[in-house]
Amino acid sequence: MKSTMKISEFRKIINALPSDEPIDQSGVWYRTQKEHWLGWLKGYHSPGAYGRITDPKRDARYAYNHIVNYKMLLWIIEAAGVDPKLVRKANRAVDPLKSLQENSKAIRSIVPWEDLVEYLSSAVSNNQNGSPG
């Protein structure tokens, strides 16, 4: 799979990934991290609920590299089928005393976009072949 990917392609792949367990949280509009990703990316080329600066050139790689919520990153790397050792390492990299940005950066240092996109490619291929994703 190419390392550049349109947001629409990224959403389609995320939609095909297995969901995490729904959790009801007061004041939170999403119940799963999958739903969070899909909602966040739905309006990606508009300010959306997050008041983001828009640029039509921003692709999936850019989105992954600028996610602030580390829980979204932890979900996608696990759902994509990243090596469980790396998933555990990413989980251990989270430090509750650090900021969301610092924790996200730590996770991306363990599973950079270039690696994730390879796992996403395998997950998509497995789903198309009828294998569990």
field: Electrostatic dipole magnitude of the chain [Cβ: Lys, Arg +1; Asp, Glu -1; Cα centre; debye, to 20]
entry: 260 debye
query: ASP83 versus THR54, label points 7 Å from Cα toward the beta carbon: distance in nm?
result: 4.1 nm
task: Quick one: go through region 54-94 and flag any residue whose amide nitrogen is under 17 Å from the point 7 Å out along the Cα-to-Cβ line of ASN15.
output: 60
- line: Among LEU17, ALA106, GLN33, the residue whose Cα sits farthest towards the positive end of the charge dipole of the chain, when +1 is placed on the Cβ of each Lys and Arg and -1 on the Cβ of each Asp and Glu, is ALA106
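What pairs in LYS57/LYS85; LYS71/LYS98; LYS42/LYS98; LYS57/LYS89 have C-alpha atoms more than 22 Å from each other?
Details: LYS57/LYS85 34 Å; LYS71/LYS98 14 Å; LYS42/LYS98 29 Å; LYS57/LYS89 32 Å.
LYS57/LYS85; LYS42/LYS98; LYS57/LYS89, as the Cα separations exceed 22 Å there.
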field: Computed over region 60-133, Cα set: Rg, Dmax in Å
entry: 12.5, 43
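Where a number appears in this text, it was derived from the coordinates with a stated rule and is not lab data. Since we're looking at a predicted model, the values are computed, not measured. Neighbour counts run over all protein chains shown; Cβ positions are idealised from the backbone, glycine included.
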